[in-house]
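The values are calculated or read from the model by the stated rules, or taken from the named source; none is laboratory data. Owing to the predicted nature of the structure, the values given are computational and were not obtained by experimental measurement. Neighbour counts are summed over all protein chains in view; Cβ atoms, including those assigned to glycine, are modelled from backbone coordinates with ideal geometry. Accessible surface areas use protein heavy atoms only, side chains included; no ligands, DNA or RNA. Shrake-Rupley method; radii C 1.70, N 1.55, O 1.52, S 1.80 Å.
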Amino acid sequence: METIDFPFSFDEMPVAAKFLLESYSRDMDDFNRMYPVFDETFKNRVSEQIQRAKEYVCCGPEGMQIQSLRFGIYKRIENLNNMILEVQDNFPVSRIKEFEKIIEIIEKKDLKAILTVIPKFVVQLEANIPRENAEVTQTIIDRILTLFQVLKLNKIELNRLLNSRGLLKEEVFRCLNHLWATMQDIMEIGQVLYKKSDPMKCVEYESNYLKMKVNSFFMHANEDLVSI
């Protein structure tokens, strides 16, 4: 059995589902008025699905490694974001091609895109080192390169661990597929309910918003509390 194509990694699924459940729990009366099936029993069933998914993919030695590694990745990306501020203070950024796009990629915490753009970015920095501040700016470049190498190794290890998760039993695939199908039902109804009446609530039922919440969770949580 193959997994449904969903926009979260295995270990992110329980985290994303928990955030979605929090929004649904707040709005359950609205859901229930439109579709009576969205009741307390349904809510409890979703909670059970989340707990089961967490036990399958977030617990145990391998699951703990995945979440600890992801925690470290987001912290390093945040450090990279801080280095961009130093670049703005010390380099002629008007000469850096697509500098705003680079900032956007880093802010989105898209590791794959970051690893693609950083080498080209560093080449541009090296070509625009100010003579009067060469030592300081070279230090900034060296730190970005070091962080890039660490993130590259982190990505390799994360892929290895996630691929090993892909060898899970059929029952695990079934669990994750059912959880994602339930999440899609909640998201679809939430968007129908609030698209016109409450756009702010509507956003909470979109996958991009959930992805942002998951990223923020891993970035800001204490390492001991990464397993939600």
Original post:
Does the stretch 45-103 hold any residues that are touching a helix residue (DSSP H, G or I) at 6+ places or on another chain (Cβ under 9 Å) and of a type in the set (S, T, N, Q), and which are they?
Top reply: Ser47, Gln49, Gln51, Gln65, Gln67, Ser68, Asn79, Asn81, Gln88, Asn90
Original post:
Counting only residues that are polar (S, T, N, Q) and surrounded by 13 or more Cβ atoms within 10 Å (Cβ to Cβ), how many does the stretch 183-208 have?
Top reply: 3
Original post:
Which condition number in (1) in contact (Cβ under 8 Å) with a residue 60 or more places away in the chain; (2) of a type outside the set (D, E, K, R); (3) in a helix (DSSP H, G or I) is the one that Phe38 fails?
Top reply: (3)
**OP:** State yes or no: is Ile228 touching a Pro at 6+ places or on another chain (Cβ under 8 Å) and either more than 21 Å from Asp110 (Cα to Cα) or at pLDDT 85 or above (or both)?
**Re:** yes
Original post:
Can Leu80 be described as crowded, with 17+ Cβ neighbours inside 10 Å and modelled with pLDDT of 90 or more?
Top reply: yes
Original post:
Hey, does the stretch 109-128 have a residue that's of a type outside the set (A, V, I, L, M, F, W, C), open to solvent by less than 30 Å² (accessible area, probe 1.4 Å) and over 21 Å from the mean Cα position of the chain (by Cα)?
Top reply: yes
**OP:** From (1) at pLDDT below 95; (2) open to solvent by 30 Å² or more (accessible area, probe 1.4 Å), pick out the condition that doesn't hold for Ala16.
**Re:** (2)
